[in-house]
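S.K.: One structure, pasted below without further comment.
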């Protein structure tokens, strides 16, 4: 089974992909992790990506697609993959189609995590983590039981991502709607798009994703 999760930044794609992969015996593929893995492994395409990144340039689509193609061929991907954060553009989607066709594979489902922009911004801007153990919290939805003390490790040090602010999140959303949201229509026309409520509680979103996968044609 090969699955794509679509959704705006902060919609929870990574969290859900990790859980779905564990439950379904699939491999979660994120472009960042794959790039780092290819560079570390020293593959030909990894060396090419490293040279580009060392110059401070963005890795072009053909290199990213090449790394995905290499990764899908690995034995642990035999049961299928969940693509998290790829494709991001129509060009990447078309390239992915070609790769899967060449390998005689197909996409079994593309699932969109639908979100409300204003609530999504609130969700992202309010989150923070324990600096010691990484436990996640939120100013409104999940505060520590004891103010200023981590529930898990009792540390009193917390951190926030510098880009978790309204201005940056709004800018990231604009990029998403300009470059990535056209994929929703693209996959709808192909007949394999499903949508779930990405603003529900994490277990409820996961249950909806499982149901969508079980109901696929």
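The values are calculated or read from the model by the stated rules, or taken from the named source; none is laboratory data. Please read all numbers here as calculations on a predicted model, not as lab measurements. Cβ placement follows ideal geometry from the backbone for every residue including glycine, while neighbour counts extend to all protein chains displayed.
S.K.: Would you tally the residues in the range 40-67 being touching a residue at least 24 places away in the same chain (Cβ under 8 Å) and surrounded by fewer than 15 Cβ atoms within 10 Å (Cβ to Cβ)? Working first, answer last.
M.R.: Step one: filter the range 40-67 for residues touching a residue at least 24 places away in the same chain (Cβ under 8 Å), giving 43, 45, 59, 61-62, 64-65, 67.
Of the ones still in play, those that are also surrounded by fewer than 15 Cβ atoms within 10 Å (Cβ to Cβ) are 62.
Adding up the residues that qualify gives 1.
S.K.: For the range 81-96, check the following and say yes or no: at least one residue is surrounded by fewer than 19 Cβ atoms within 10 Å (Cβ to Cβ), over 22 Å from residue 194 (Cβ atoms) and without any contact (Cβ under 8 Å) to a residue 24 or more places away in the chain.
M.R.: Looking through the range 81-96, none of the residues is surrounded by fewer than 19 Cβ atoms within 10 Å (Cβ to Cβ), over 22 Å from residue 194 (Cβ atoms) and without any contact (Cβ under 8 Å) to a residue 24 or more places away in the chain.
S.K.: Name the residues in the range 1-33 that are in a helix (DSSP H, G or I) and crowded, with 21+ Cβ neighbours inside 10 Å, would you?
M.R.: 13, 16, 17, 20, listed by residue number.
S.K.: Does the range 164-176 contain at least one residue that is touching a strand residue (DSSP E or B) at 6+ places or on another chain (Cβ under 8 Å) and in contact (Cβ under 8 Å) with a residue 24 or more places away in the chain?
M.R.: Scanning the range 164-176, I find at least one residue that is touching a strand residue (DSSP E or B) at 6+ places or on another chain (Cβ under 8 Å) and in contact (Cβ under 8 Å) with a residue 24 or more places away in the chain, so the answer is yes.
S.K.: Are there any strands (runs of 3 or more DSSP E) wholly within the range 72-169 with 2 or more residues that are in contact with a helix residue (DSSP H, G or I) (Cβ under 7 Å, 6 or more places away or on another chain) and more than 21 Å from residue 17 (Cβ to Cβ), and if so which?
M.R.: none
A quick yes/no check of all residues on (1) at pLDDT 85 or above; (2) under 17 Å from residue 96 (Cα atoms):
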| site | (1), (2) |
| --- | --- |
| 34 | no, yes |
| 40 | no, no |
| 43 | no, no |
| 46 | no, no |
| 52 | no, no |
| 57 | no, no |
| 61 | yes, yes |
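S.K.: For the range 187-198, which positions are surrounded by fewer than 17 Cβ atoms within 10 Å (Cβ to Cβ) and modelled with pLDDT of 90 or more?
M.R.: Listed by number, the residues that qualify are 188, 189, 190, 195, 197.
S.K.: I need a count of the residues in the range 142-163 that are exposed (fewer than 13 other Cβ atoms within 10 Å of the Cβ), out of contact with any strand residue (DSSP E or B) (no Cβ under 9 Å at 6 or more places or on another chain) and over 19 Å from residue 122 (Cβ atoms).
M.R.: Of the residues in the range 142-163, 3 are exposed (fewer than 13 other Cβ atoms within 10 Å of the Cβ), out of contact with any strand residue (DSSP E or B) (no Cβ under 9 Å at 6 or more places or on another chain) and over 19 Å from residue 122 (Cβ atoms).
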